[in-house]
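Asks: To start, I am sharing the structure in question, which I have written as structure tokens.
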């Protein structure tokens, strides 16, 4: 593995996402990873970089298509989990600690770059967008996903910042709008296409969903730990109400979680 990068904000991001147990939440995003890799038409032997790869959802999807994959993240423990998952599935890919703002790769090193709700948490979105394009070869493709602000995933991030307005790395909702993405990649020599997609999130009840998120999902866990008793109760109540309001039918809750999928091609 390479050494972790030290770009501004990298340590804050690492500290945040070291909390909780992301695999237990992130595994719900497997369908989005599979969809992204399929829509990118990843081919055998293509060199693919996954940024903010977490516990390996998208790296695994690309490895199943016989790509030559490098899975990166800023949290070493997540990459340990990604390697374990690959071994269990009889797949292989390289893992490297890397900050999206300062990737340790030469210009034009990859045919494909991906990030499934990962790079969106980089402290400096402009630098991260520039790095995505820099490491792509001419004609290479990148694929990104981000929560749409009006979707449950986006509303949750807003709820976290509402209850705990202290420093949170990144501007993830910027990546979930076409205007935001256009601003990030304007004048970088890429063409973009968009699709709104959804993946279903389920739980036996809104209360169980709360328990999962406060135990496992880093932004919720860290915010909850910072709050006093009254703040925790208010956070809980609004979380449960939000998830319940998006649910469709019974039993349990089933919430379609809409995200923006962006595919870009470098000139």
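Asks: Kindly establish whether residue 109 is under 20 Å from residue 140 (Cα atoms) and in contact with a strand residue (DSSP E or B) (Cβ under 9 Å, 6 or more places away or on another chain).
Replies: yes
Asks: When you look at residue 26, is it assigned to a helix (DSSP H, G or I), surrounded by fewer than 24 Cβ atoms within 10 Å (Cβ to Cβ) and in contact with a helix residue (DSSP H, G or I) (Cβ under 7 Å, 6 or more places away or on another chain), yes or no?
Replies: Yes, satisfied.
Asks: Would you confirm whether any residue within the range 247-254 is more than 22 Å from residue 54 (Cβ to Cβ), surrounded by 17 or more Cβ atoms within 10 Å (Cβ to Cβ), out of contact with any strand residue (DSSP E or B) (no Cβ under 9 Å at 6 or more places or on another chain) and modelled with pLDDT of 95 or more?
Replies: no
Asks: Then there's this: Consider the range 158-180. How many of its residues are touching a strand residue (DSSP E or B) at 6+ places or on another chain (Cβ under 8 Å) and crowded, with 21+ Cβ neighbours inside 10 Å?
Replies: 3
Asks: Sticking with this structure for a sec: Quick check on this structure: which one of 117, 97 is over 14 Å from residue 49 (Cα atoms), touching a strand residue (DSSP E or B) at 6+ places or on another chain (Cβ under 9 Å) and surrounded by fewer than 24 Cβ atoms within 10 Å (Cβ to Cβ)?
Replies: 117
Asks: Turning to a different aspect of this structure: Would you please list the contacts, defined by Cβ atoms under 7 Å and residues six or more apart or on different chains, that run from a residue in the range 136-154 that is touching a residue at least 60 places away in the same chain (Cβ under 8 Å) to a residue that is assigned to a loop (DSSP other than H, G, I, E, B) and crowded, with 21+ Cβ neighbours inside 10 Å?
Replies: 141/40; 143/40; 145/117; 146/117; 147/117
Asks: Just to be sure, is residue 146 part of a strand (DSSP E or B), surrounded by 14 or more Cβ atoms within 10 Å (Cβ to Cβ) and modelled with pLDDT of 95 or more?
Replies: Here the answer is yes, as residue 146 does meet what is asked.
Asks: Let me ask you something else. Determine if the range 124-138 includes at least one residue that is surrounded by fewer than 18 Cβ atoms within 10 Å (Cβ to Cβ), part of a strand (DSSP E or B) and in contact with a strand residue (DSSP E or B) (Cβ under 8 Å, 6 or more places away or on another chain).
Replies: Scanning the range 124-138, I find at least one residue that is surrounded by fewer than 18 Cβ atoms within 10 Å (Cβ to Cβ), part of a strand (DSSP E or B) and in contact with a strand residue (DSSP E or B) (Cβ under 8 Å, 6 or more places away or on another chain), so the answer is yes.
Asks: Is it the case that residue 148 is within 26 Å of residue 220 (Cα to Cα) and more than 13 Å from the chain's Cα centre (by Cα)?
Replies: no
Asks: Something else: When the residues of the range 43-80 are filtered to those that are in a helix (DSSP H, G or I) and under 12 Å from the mean Cα position of the chain (by Cα), which remaining residue is farthest from residue 128 (Cα to Cα)?
Replies: 57
Yes or no, residue by residue, for (1) at pLDDT 95 or above; (2) surrounded by 24 or more Cβ atoms within 10 Å (Cβ to Cβ); (3) within 25 Å of residue 257 (Cα to Cα):
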residue	(1), (2), (3)
12	no, no, no
34	yes, no, yes
37	yes, yes, yes
50	yes, yes, yes
55	yes, yes, yes
87	yes, no, no
91	yes, no, no
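Asks: If you don't mind, another one. Would you mention how many residues in the range 42-62 are under 21 Å from residue 21 (Cα atoms) and touching a residue at least 40 places away in the same chain (Cβ under 8 Å)?
Replies: 7
The values are calculated or read from the model by the stated rules, or taken from the named source; none is laboratory data. Predicted model, so just to flag it, every value in this text is computed and none were measured. Quick reminder, even Gly has a Cβ in these numbers, built from the backbone with ideal geometry, and neighbours come from all protein chains shown.
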